[in-house]
Ligand code: GDP
């Protein structure tokens, strides 16, 4: 018996408060018995985990034929963090690239509860009725930071998911935002090659994710609701300046008046802000994702935007610029990773941090020394011998 008088199979740390019960208990569980079958048998068993192998030509053919199962498999390859998948994934992107680009890429942001899923489903269903093919992707910053998910899995858009001409892919769940964004960019390429002509990229209005999504879409839509104080928040954070259209959602029932008032208020502020897209005036509209009110009007606005920016050349120019920004982002990330995967650098980095805190050197000198050291290491991941 232990100090709370419970059976010995529970272990309680010494500092457990007397009344805490099992709250801090740990329990020893016996391990699973090893599978006695031979390794080869395991591979034959249908339940056994066989390593996923990819045939790039089959993947490409399947994606181009819009086989959604193959498209999912291709995206799984693109999302893989396994080093052995890096080259095949890049090879696949290269193969698909000539077939990509033929879509409108739309970013949708808003605080949790603004109605993003409901809105995307309403817009998606409307577009499918008009013979479009709609892919929905998500960048969820929470899943990269805490492994939790604000956006949740996209089974929420059940009606849209059931449609033959829709493809819904939840956010890649791991890695830093930059890595997640890379995967989403490549997923866009795969979806376009599969024939999806409207790509909706959903994100939550927290942190860096809006800027990240803005950097991969043609059109950026900010979904707002009244009464949450978001209108002003978004102005402060500069999100409104990223938007090509602001939509006040939930303009229905008792909330209709308030939504209209919020729209008018924002439309008064907008002329004082610098629009992000040359030749385009950002405006605010109202809609109800629940009743479908104004969803067609929003799609008309998006089309107007595409027409104007294709005519004035901004549309293709932005896409080219995004490609180059992507290159810069990748270089920064790769250099950062290379730098910190070097063991000598890592040891010295810690030492320099202490020196800075002790006032023995400055951040500028420390950075210069560390970079010098990195050059001496020959830019290698490991210590030179
Ligand atoms: P998200 O977190 O931004 O994806 O928001 P959801 O789409 O999950 O919606 C949050 C809640 O708002 C849900 O209960 C929806 O039913 C509700 N909602 C979404 N759009 C509307 C709308 O246009 N009108 C009303 N009244 N409720 C809505």
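Looking at residue 277, is it under 30 Å from residue 374 (Cβ atoms), touching a helix residue (DSSP H, G or I) at 6+ places or on another chain (Cβ under 8 Å) and either within 16 Å of the ligand (Cβ to nearest atom) or outside any helix (DSSP H, G or I) (or both)? So residue 277 fails the test. Residue 355: part of a helix (DSSP H, G or I) and assigned by TED's automatic domain parsing to the domain that holds residue 181, yes or no? Spelling it out, it is not the case that residue 355 is part of a helix (DSSP H, G or I) and assigned by TED's automatic domain parsing to the domain that holds residue 181. Taking the conditions exactly as written (under 27 Å from the mean Cα position of the chain (by Cα) and either away from the ligand (no atom under 16 Å from the Cβ) or more than 19 Å from residue 255 (Cα to Cα) (or both)), does residue 282 satisfy them or not? In short, yes. Checking 96, 77 one by one, the residue that is touching a helix residue (DSSP H, G or I) at 6+ places or on another chain (Cβ under 9 Å), modelled with pLDDT of 95 or more and either farther than 30 Å from residue 304 by Cβ or not in a loop (DSSP other than H, G, I, E, B) (or both) is 96 and no other.
Against the definition (in the same structural domain as residue 117 (by TED's automatic domain parsing) and surrounded by 15 or more Cβ atoms within 10 Å (Cβ to Cβ)), how does residue 249 come out, yes or no? First the steps, then the outcome.
Working: in the same structural domain as residue 117 (by TED's automatic domain parsing): yes; surrounded by 15 or more Cβ atoms within 10 Å (Cβ to Cβ): yes.
It is true that residue 249 is in the same structural domain as residue 117 (by TED's automatic domain parsing) and surrounded by 15 or more Cβ atoms within 10 Å (Cβ to Cβ).
Looking only at segment 299-342, how many residues end up being closer than 30 Å to residue 254 by Cβ and out of contact with any helix residue (DSSP H, G or I) (no Cβ under 7 Å at 6 or more places or on another chain)? Qualifying residue count for the region: 3. Per this entry, residue 264 is not counted among residues that are over 22 Å from residue 160 (Cα atoms), within 14 Å of the ligand (Cβ to nearest atom) and over 27 Å from the mean Cα position of the chain (by Cα). Take the conditions (1) away from the ligand (no atom under 16 Å from the Cβ); (2) loosely packed, with under 15 Cβ neighbours inside 10 Å; residue 292 misses just one of them, which is (1). For residue 113, the test of being within 16 Å of the ligand (Cβ to nearest atom), at pLDDT below 95 and out of contact with any strand residue (DSSP E or B) (no Cβ under 9 Å at 6 or more places or on another chain) is passed.
The values are calculated or read from the model by the stated rules, or taken from the named source; none is laboratory data. These numbers come from a predicted model, not from an experiment. Note that we place each Cβ from the backbone using ideal geometry, even for glycine, and neighbour counts take in every protein chain shown.
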